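The values are calculated or read from the model by the stated rules, or taken from the named source; none is laboratory data. A quick note: this is a predicted structure, and the numbers were derived from the prediction, not measured. A quick note on method: Cβ atoms are made from the backbone with ideal geometry, for glycine too, and the neighbour counts reach across all protein chains shown.
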Amino acid sequence: MAGLLSSFRTTLIVSILLALVMIYAFAGGSGRGLGDADLWQAIFRWLHVFFGILWIGLLYYFNFVQIRVMPAIAAELKPAVTRHIAPEALFWFRWSALATVVAGLAVAFMRGHAYAVEVLSLGFAGGYTAADRGFTLMGIGVWLAIVMFLNVWGVIWPNQKRALGLVEADDATKARAGKTAMMGSRINLLLSLPMLTSMAMYQTLFG
């Protein structure tokens, strides 16, 4: 057991295999075969949740820990973070953001084209009634997530590359890029809780 847990890759592979066993059990227990659309919707929802946890978890790591603590770290120790930890974290951060949005949109369209259009139009597709309020609330969360995703790839990542020296830039440019990336990250922190509220409460109250 110690040998298994000492390796990140092995631990992750075993966890995925156990999850696949659970998926198989759910498929069998619900009488769903591989051709069943509801089964694939459930699988993509699982992927959406997993990648969403990874994405938002890293967003919270950056804001709750790294950005706050970095000023207190001695100058000679900062390269350990900027050269090794931050680039690795940003790799998982940006790709999990992409995977979260793709899986989420897949779930929406797997629930039906009409459902996806209603959500993406905030319930205004085909006219608006009181019955469309759920689509409005869910749609707000979806669009907040899309804005956050675009912020990751269009603002945070390009500026972090400059700030961390992953691309060539002079000191003044690095400083400006670091501040811009930090503000982009703060915007995503600001949007994250209303986005998560939309996702969690819609599933409970509207299904």
| So Phe62 fits all but one of (1) under 18 Å from Lys174 (Cβ atoms); (2) out of contact with any Ser or Thr (no Cβ under 6 Å at 6 or more places or on another chain); what number is the exception? | (2)
| note | Scanning segment 25-50 for residues that are among the charged types (D, E, K, R) and surrounded by 13 or more Cβ atoms within 10 Å (Cβ to Cβ) gives Arg32, Asp36, Arg45
| query | Residues Ala99, Ala125, Ala103: which one is in contact with an Asp or Glu (Cβ under 6 Å, 6 or more places away or on another chain) and either more than 23 Å from Gly52 (Cβ to Cβ) or in a helix (DSSP H, G or I) (or both)? | reply | Ala125
| request: Pick out the one residue from Leu189, Leu166 that is touching a Pro at 6+ places or on another chain (Cβ under 8 Å), within 21 Å of Ile85 (Cβ to Cβ) and surrounded by fewer than 18 Cβ atoms within 10 Å (Cβ to Cβ). | output: Leu166
| query | Just checking, how many residues over segment 125-162 are modelled with pLDDT under 95 and within 24 Å of Val81 (Cα to Cα)? | reply | 0
| How about segment 44-103: which of its residues are closer than 17 Å to Val142 by Cα and of a type in the set (Val, Ile, Thr)? | Val49, Ile53, Ile56, Thr100, Val101, Val102
| note | (1) surrounded by 16 or more Cβ atoms within 10 Å (Cβ to Cβ); (2) outside any loop (DSSP other than H, G, I, E, B); (3) under 22 Å from the mean Cα position of the chain (by Cα) all hold for Gln203 apart from (1)
| Quick one: what pairs do we get from segment 131-158, first residue under 18 Å from Leu59 (Cα atoms) and in the same structural domain as Ala99 (by TED's automatic domain parsing), second charged (D, E, K, R) and assigned to a helix (DSSP H, G or I), C-beta under 6 Å, 6+ apart or different chains? | Val152/Arg94; Trp157/Arg94
| When you scan segment 51-80, how many residues do you find that are farther than 16 Å from Phe149 by Cα and either within 22 Å of the chain's Cα centre (by Cα) or crowded, with 17+ Cβ neighbours inside 10 Å (or both)? | 7
| Taking the stated definitions as given, is Ala163 assigned by TED's automatic domain parsing to the domain that holds Gln66, among the small types (Gly, Ala, Ser) and farther than 18 Å from Ala200 by Cα? | yes
| request: With respect to Gly31, determine if the residue is modelled with pLDDT under 95 and either on the phi < 0 side of the Ramachandran plot or β-branched (Val, Ile, Thr) (or both). | output: no
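Could you say whether any residue in segment 133-145 is part of a helix (DSSP H, G or I) and basic (Lys, Arg)?
There is at least one residue in segment 133-145 that is part of a helix (DSSP H, G or I) and basic (Lys, Arg).
Table: residues versus (1) within 26 Å of Leu105 (Cα to Cα); (2) crowded, with 19+ Cβ neighbours inside 10 Å; (3) of a type outside the set (Asp, Glu).
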| residue | (1), (2), (3) |
| --- | --- |
| Ala130 | yes, no, yes |
| Leu144 | yes, yes, yes |
| Phe149 | yes, yes, yes |
| Trp153 | yes, no, yes |
| Lys179 | no, no, yes |
| field | Breaking point among (1) more than 25 Å from Ile43 (Cα to Cα); (2) more than 23 Å from the chain's Cα centre (by Cα), for Ala114 | value | (1)
| field | Positions within segment 160-176 being farther than 20 Å from Phe64 by Cα and assigned to a helix (DSSP H, G or I), in sequence order | value | Lys161, Arg162, Asp171, Ala172, Thr173, Lys174, Ala175, Arg176
| field | When residues of segment 1-42 are limited to those that are assigned to a helix (DSSP H, G or I) and among the hydroxyl-bearing types (Ser, Thr, Tyr), the one farthest from the chain's Cα centre (by Cα) | value | Tyr24
